[in-house]
Amino acid sequence: MKTIAICSFFVLFAMVAGLVATTPAAYADHSEVTILPADGSGVPGCEETADGCYIPTTATVDVGGVVIMSNTDTVAHTYTSGTPESGPDGIFDTSLLIAGGSFEWSPDTVGEYPYFCIVHPWMMGTIIVQEVGAAEKADDHGDDHGDEMMMLSGDEMMMLSGDATGMLSDGTMVSIWASAPTAGEAMEISIEFADAEHVNHDISVTQNGEEVLNDEGAHHHEGTGMHTTAPLSSSDPVDITITFQGYGVSDPKTGPIGEEVVFTNVVPEFGTIAMMILTVAIISIVAVTAKSRVIPRF
């Protein structure tokens, strides 16, 4: 049995290496984004959570794209450009959106647009409008490493184009993107549970054994979200542990609750991507096989 497991891991290594070598350059699609209010955001408190009051709190869209502002909450909200301190700036305003209502805005100018809810001013978010294709960084060397990394305009987040990805035992792919760890600065980590809704999870980030983030009970309506660490003490890689806590908005929640996906030595530099993917894949399979006591066959 041990021989089978070892062979399986070597086969997995070959598969991952092949994918890293042959995957074409990734292109970010920001032609459309949907923003929703957090459940229960009609009362203060959502502004203190990791997700914020509008989800996503920071949304990115291309010039000429579409921002869909929808109200899935049980109370009415507005999406009003401006800030609670300065008031509306007149760029866009949904007026009062009742439950189930929606509004579309197509931006024509690059920039960052803060907005808030006039009825509930603790609800605040930001829309980043970028040039079409601004997320891609062209390769200047004419070699095969054009998908090595890409630069996001606005917050200059370095992202891995070859997603670091793990898998839950129910088949859900879990991917992360991370900004470069820099001494004295916070690190931003985006997470995606593919094709999943109402995802609950914990996330822990450590650097050299020191915990720099511990978000418990995070909830992502559309399976995607962003987390920010405390300022880092160095530029060394970090370790990220995501603990799945079920699908749903109320108990009992469903899914493989308690399963962990671990990303080790996370730093967005070419050369570590393959090792990150390999490590995550192996850890995910080990976690699954440890529960099922079944060794996967390839």
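Quick note: the coordinates plus some simple rules give every number you see, no bench work behind them. Because the structure is a prediction, the values reported are computed rather than measured.
A few points about this structure:
- Equivalent ellipsoid of region 32-130: semi-axes from √(5λ) of the C-alpha gyration tensor, largest first, are 20, 14, 13 Å.
- The 3J(HN,Hα) values that the Karplus relation (6.51, -1.76, 1.60; θ = phi - 60°) gives for region 51-58 are, in residue order, 7, x, 8, 10, 10, x, 5, 10 Hz. Gly and Pro appear as x.
- DSSP bridge pairs, region 32-130: antiparallel proportion in percent, nearest 5: 65
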